[in-house]
Amino acid sequence: MSKKSAPINIGIPEMQRAKIADGLSHLLADSYTLYLMTHNFHWNVTGPMFNTLHLMFMQQYTEQWTALDLIAERVRALGFPAPGTYKEFVKLASIKEVDGVPKALDMVRTLVEAQEATARTARDLFPLVDEANDQPTADLLTQRIDVHEKTAWMLRSLLEE
Ligand SMILES: [Fe+2]
């Protein structure tokens, strides 16, 4: 006999929890797509900047990998299933994947856009989270926005003369 799980009563109505979980699922999909893109570029980068970019991309995907877990587990704490398949991620993500192997600086340009897209997805959710008085999600979003904006700046700096 299966038992119904205990209801969630954390002070955020179910309707708001559902909307926040949906927004976080979009953020998870963008974060996963960005993670995989960064790891792909770590594997495939070539050219005179190989060492710099190979190592820089590794730092970035390692940080992103850890963040995926925090985002997914926040969705669970709000009472909803976290998306965890490529099929769902493709549907939910705003980031477009690349075909083939771009040149090193095109990889950097693509990553700037993907970092900024992920920051926008996180920021778009903020008003809803604020209204729902959901501090843990606000804290998580603040941290993710900070990381993505900082990483976008570092990548963008590589493109300047
Ligand atoms: Fe490696």
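The values are calculated or read from the model by the stated rules, or taken from the named source; none is laboratory data. Quick caveat, the model's predicted, so the values are computed rather than measured. As a convention, Cβ positions derive from the backbone with ideal geometry for all residues, glycine included, and neighbour counts pool all protein chains shown. Please note that ligands, DNA and RNA were not included when accessible areas were found on the heavy atoms of the full protein model with its side chains. Shrake-Rupley method; radii C 1.70, N 1.55, O 1.52, S 1.80 Å.
Of note:
- Residues that are of a type outside the set (A, V, I, L, M) and surrounded by 14 or more Cβ atoms within 10 Å (Cβ to Cβ) within the stretch 85-112 comprise Glu88, Phe89, Ser94, Pro102, Arg109, Thr110, listed in sequence order.
- Any hit, the stretch 22-43, residues being within 16 Å of the ligand (Cβ to nearest atom) and closer than 20 Å to Leu140 by Cα: yes
- Single unsatisfied condition, Thr46 versus (1) within 16 Å of the ligand (Cβ to nearest atom); (2) part of a helix (DSSP H, G or I); (3) of a type outside the set (A, V, I, L, M): (2)
- Any hit, the stretch 91-100, residues being touching a residue at least 24 places away in the same chain (Cβ under 8 Å), more than 16 Å from the ligand (Cβ to nearest atom) and over 15 Å from the mean Cα position of the chain (by Cα): yes
- When the stretch 18-41 is filtered for residues that are open to solvent by 20 Å² or more (accessible area, probe 1.4 Å) and not aliphatic (A, V, I, L, M), the ones remaining, listed by number, are Lys19, Asp22, His26, Tyr32, Tyr35, His39, Asn40.
- Residue in the stretch 51-60 that is part of a helix (DSSP H, G or I), away from the ligand (no atom under 16 Å from the Cβ) and either closer than 22 Å to Asp146 by Cα or open to solvent by less than 60 Å² (accessible area, probe 1.4 Å) (or both) present: no
- Flag for Phe80 being aromatic (Phe, Trp, Tyr), more than 17 Å from the chain's Cα centre (by Cα) and either farther than 30 Å from Ile10 by Cα or open to solvent by less than 60 Å² (accessible area, probe 1.4 Å) (or both): yes
- Criterion: closer than 25 Å to Phe126 by Cα, among the charged types (D, E, K, R), within 16 Å of the ligand (Cβ to nearest atom) and modelled with pLDDT of 95 or more - qualifying residue of Glu73, Glu88, Glu63: Glu63
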